[in-house]
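Accompanying notes for the structure given below.
Each value in this text was obtained by applying a stated rule to the coordinates, not by laboratory testing. All of these numbers come straight from a predicted model, not from anything done at the bench.
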Amino acid sequence: MKTQCTPIQLEFLPLGRRKVTARFDGGRLSSDAGSMLLGEVDARIGLLDRVAQCFQDYRDPEAVEHSVRDLVAQRIYALALGYEDLNDHDELRRDSLLAMLVGKSDIVGETRSRARNKGYPLASSSTLNRLELGDPETARNNRYKRIASDNDGLDRLFVDLFIEGQYTLPALFCHLISNLKSETPYPILVTINP
């Protein structure tokens, strides 16, 4: 049987004015092309923007090259691709496909302000470490860890995402009763046994 090969080109959502395609003829290569699907999903549900809103950034805006949203996106995409360790980012920070997913317009890092960072469009492991270890109590005055998460906000977001992901409520959770005295912003689900 003869194999038929057709030069198919896959189209993805554009990055600004850039057209994004997947082809099979070389050029900049990535072994993580499946991450493009993650980008498509995020474009539909806005997960990364919503997670980024759960962080407070106390850094000097004049000295910031990577927004909190960029840092969150870089870390979440890497985790989804199986890169769980922060030190993986010392190599991943040069990945053009990951930079494109994060939303960087300079996906090769040519325009970085510091000479030592040229060629690296993404954040290093030490920068991401600041995101992960920022303490809400001390971030405002901590020299190195000036980004803090709103843990209650993240908890609410995860509940919201779960609820949004349900097309219909399960039959056992058929009544919603608001608990006006509770401090929780969510209604109480009351189960009805059949």
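Annotations for the structure displayed:
- Amide H contacts under 5 Å for LEU15: VAL20, restricted to partners 5 or more places along the chain or on a different chain, H placed in the peptide plane at 1.01 Å from N.
- Under the Karplus curve 6.51 cos²θ - 1.76 cosθ + 1.60, θ = phi - 60°, whole-Hz ³J(HN,Hα) for the range 60-75, x wherever Gly or Pro sits: 5, x, 5, 9, 8, 9, 10, 5, 4, 4, 5, 5, 4, 4, 4, 5
- Cα gyration tensor category, rounded, prolate or oblate, for the range 14-99 with a/c compared to 1.5: prolate
- Close amide H partners of ARG112, meaning residues 5 or more places away or on another chain with modelled amide H under 5 Å apart, are GLY119.
- Derived scalar couplings between HN and Hα for the range 41-48 equal 5, 5, 4, 7, 9, x, 4, 5 Hz in order, rounded to whole Hz, by the Karplus curve 6.51 cos²θ - 1.76 cosθ + 1.60 (θ = phi - 60°), x for Gly and Pro.
- Here the Karplus relation 6.51 cos²θ - 1.76 cosθ + 1.60, evaluated at θ = phi - 60°, turns the backbone of the range 137-148 into coupling constants of 6, 10, 4, 4, 10, 7, 5, 9, 10, 9, 10, 10 Hz, with x for every Gly and Pro.
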